[in-house]
Amino acid sequence: MNCGATAPTVVAESSLFMDESTPQAEPTPPTAPLGAPGQGFPPPVPPAAAPTTAFSPGAPSTPGPGFHAPGLNSPDDGDGSNGSRTAFLAVLAGLGVLAAGVGAFVVTTVIVSDDDQAGGSTSVTTSTTVAETTTTEDDSASTTADSSSSTSSDSSSSSTAPVVPAVIPSSQVTAAASSSLAGSGALTYGPDNLLDGDTDTAWNDDTGAATDGAGQWLQFDLAQPRDLLAVEIVNGYAKSDEVFTRNEAARAVQLTTDTGVVVDAVLDRTTNVQRIGIDAPGASSVTITVIDVYPGQTYQGLAPYTDLALTDVWLIAAG
């Protein structure tokens, strides 16, 4: 074969090297031999020795003549154009998959961001709930403040006009009875004895031996209306043990005011003061009706009396 200094060398240089003005990566050496060994031509370069920088993203989209991407072209690519196109499409497909993955990440990030914003709405709701609670607390504080103001006002009023229970003076009370035992000498047994605070005097009814004192009544009229709070009673005749034992004493009583208040109570057979509570604002009178009695008893061989007795009565009103 005549190889001389002919064109093959020029052709190899033109196919392997591109115009320096064109910005593209260096092509790989040809995979096919350009001449026979010993004819002045370099031996063929095996495909495994091809540089890995055969293609770069900055290279033109259309490879030059004889361009083959290592490892991408199939053995039957022919002149290498189909293999190059296949490699380029594979790269584009990879970029597309990468772009799709980035897009999915962005969409996921946006969704997560939206979910976070939804969580923010929950926080706003919680904040609203806290605000409502705060408002409630403020209302409670306001109510407490109002109550405190009211209490302060009441306290001021109380300090100005305290509600202190007090005994209505006997000079402002007039007593009457359904019946009274006739006096003997200096001793009297009328209802006025109930207002003197003296245990040596008492009221005695005048029912005689035919009946006990059940049904007897005592009425107390006030000089002016008062807010009655209680009635205090010293039951029986508390002058001495003998007199107290031999006289009858009230057992069950009923208190009635002119304002319609009615209170029932049971008394003990004792000389101690006993209080009966009664809430009767603006009352002008109160009546004590005896419902049942403790009968008189024998004292050291002395027969009991048949008279019902009460020693003292005090009316308690708001001061």
*Return only the number of the condition from (1) in contact with a Phe, Trp or Tyr (Cβ under 9 Å, 6 or more places away or on another chain); (2) closer than 30 Å to residue 319 by Cα; (3) charged (D, E, K, R); (4) buried (at least 16 other Cβ atoms within 10 Å of the Cβ) that residue 232 does not satisfy.*
(4)
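Being surrounded by 14 or more Cβ atoms within 10 Å (Cβ to Cβ), at pLDDT 95 or above and either among the hydroxyl-bearing types (Ser, Thr, Tyr) or closer than 23 Å to residue 174 by Cβ (or both) narrows it down to one residue among 317, 249; which is it?
From the options 317, 249, the qualifying one is 317.
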*Take the range 198-228 and flag every residue that is touching an Asp or Glu at 6+ places or on another chain (Cβ under 7 Å) and either more than 28 Å from residue 302 (Cα to Cα) or part of a strand (DSSP E or B) (or both).*
204
_Every residue in the range 171-197 that is hydrophobic (A, V, I, L, M, F, W, C), in a loop (DSSP other than H, G, I, E, B) and either closer than 13 Å to residue 237 by Cβ or within 60 Å of the chain's Cα centre (by Cα) (or both), please._
181
*Residue count, the range 168-204 (criterion: touching a residue at least 60 places away in the same chain (Cβ under 8 Å) and among the aliphatic types (A, V, I, L, M))*: 7
*Only one of 205, 196, 241 that is surrounded by fewer than 20 Cβ atoms within 10 Å (Cβ to Cβ), among the acidic types (Asp, Glu) and more than 24 Å from residue 164 (Cα to Cα)*: 241
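How many residues does the range 183-227 contain that are aliphatic (A, V, I, L, M) and at pLDDT 95 or above? Can you show your working first?
Taking the range 183-227 as the starting set, the residues that turn out to be aliphatic (A, V, I, L, M) are 186-187, 194-195, 202, 209-210, 214, 218, 222-223.
If we keep only those that are at pLDDT 95 or above too, we end up with 194-195, 202, 218, 222-223.
Selection size over the range 183-227: 6.
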*Give the residue that is surrounded by the most Cβ atoms within 10 Å (Cβ to Cβ), with candidates limited to residues of the range 154-174 that are at pLDDT 95 or above and touching a strand residue (DSSP E or B) at 6+ places or on another chain (Cβ under 6 Å).*
173
*Can you name the strands (runs of 3 or more DSSP E) wholly within the range 250-319 that have at least 3 residues being of a type in the set (D, E, K, R)?*
274-294
_Restricting to the range 305-314, and then to whatever is modelled with pLDDT of 95 or more and over 60 Å from the mean Cα position of the chain (by Cα), can you tell me which residue is farthest from residue 236 (Cα to Cα)?_
308
*Tell me which of these residue 284 doesn't satisfy, since it passes every other one: (1) within 18 Å of residue 167 (Cα to Cα); (2) among the small types (Gly, Ala, Ser); (3) at pLDDT 95 or above; (4) surrounded by fewer than 14 Cβ atoms within 10 Å (Cβ to Cβ).*
(4)
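The values are calculated or read from the model by the stated rules, or taken from the named source; none is laboratory data. Worth saying up front: this structure is predicted, and the values here are computed from it rather than measured. Please note: Cβ atoms are built from the backbone with ideal geometry, for glycine as well, and neighbour counts cover all protein chains shown.
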